[in-house]
């Protein structure tokens, strides 16, 4: 593979939306993004949003999604700083979610899933210390004490012999990518 293409990394994404004002309210007031710019082009209105002062935009909201068109996203994922932060802010996530909130323990990460006002699936997640295969996924009760969730995670990853530290996984994957 071309090394230029292999070294590229995801940077931002754009969403076609039904209701720009509704989605602006959700992403700005509830998820904490700032509007960095706006633009009208070929009949579409666009808002550029970021949480990072080094990034002009991490999300673009653009009009043009037809009302009968469902979301095409599997999930829009946001990494948070720590498992403790995710646990401590679970009730805040529930407060902003317009519908159901589901928490999952993936062994290698904890995830909280919900949808934005136009049914685009959103994930807030934090990595644990250990890689575990995708099959290592169980529902999680975020109302439990943090220590209980950590003990459940340790027990979960120990069920899978292929589990290893994230650093071991990254080293192994780096060798695989190098060919």
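The values are calculated or read from the model by the stated rules, or taken from the named source; none is laboratory data. If you're wondering where the values come from, they're calculated on a predicted model, not measured in any experiment. Heads up, the Cβs are rebuilt from the backbone with ideal geometry, glycines too, and the neighbour counts pull from every protein chain shown.
Being touching a helix residue (DSSP H, G or I) at 6+ places or on another chain (Cβ under 9 Å), surrounded by 13 or more Cβ atoms within 10 Å (Cβ to Cβ), at pLDDT 95 or above and farther than 20 Å from residue 81 by Cα narrows it down to one residue among 130, 137; which is it?
Details: 130 fails: farther than 20 Å from residue 81 by Cα.
Only one candidate passes the filter, namely 137.
Hey, does region 108-131 have a residue that's free of Cβ contacts under 8 Å to residues at least 12 places away in the same chain and not assigned by TED's automatic domain parsing to the domain that holds residue 31? Step through it out loud before you land on a result.
Filtering region 108-131 down to residues free of Cβ contacts under 8 Å to residues at least 12 places away in the same chain leaves none.
No, that holds for no residue.
Report whether or not residue 83 is outside the structural domain of residue 113 (by TED's automatic domain parsing), under 30 Å from residue 146 (Cβ atoms) and touching a residue at least 60 places away in the same chain (Cβ under 8 Å). So residue 83 does not fit the description; no.
Every condition in (1) part of a strand (DSSP E or B); (2) assigned by TED's automatic domain parsing to the domain that holds residue 142 is met by residue 39 except one, and the failing one is (2).
The requirement of being within 27 Å of residue 111 (Cβ to Cβ), free of Cβ contacts under 8 Å to residues at least 24 places away in the same chain and touching a strand residue (DSSP E or B) at 6+ places or on another chain (Cβ under 6 Å) is not satisfied by residue 61.
Within the option set 146, 114, being within 30 Å of residue 28 (Cα to Cα) and touching a strand residue (DSSP E or B) at 6+ places or on another chain (Cβ under 7 Å) holds for one residue only, 114.
Of all residues in region 85-102 being in contact with a helix residue (DSSP H, G or I) (Cβ under 7 Å, 6 or more places away or on another chain) and modelled with pLDDT of 95 or more, which is surrounded by the fewest Cβ atoms within 10 Å (Cβ to Cβ)?
Taking region 85-102 and keeping what is in contact with a helix residue (DSSP H, G or I) (Cβ under 7 Å, 6 or more places away or on another chain), we get 87, 96, 101.
Narrowing the set further to residues that are modelled with pLDDT of 95 or more leaves 87, 101.
On the way: 87: 21, 101: 18.
It comes out as 101.
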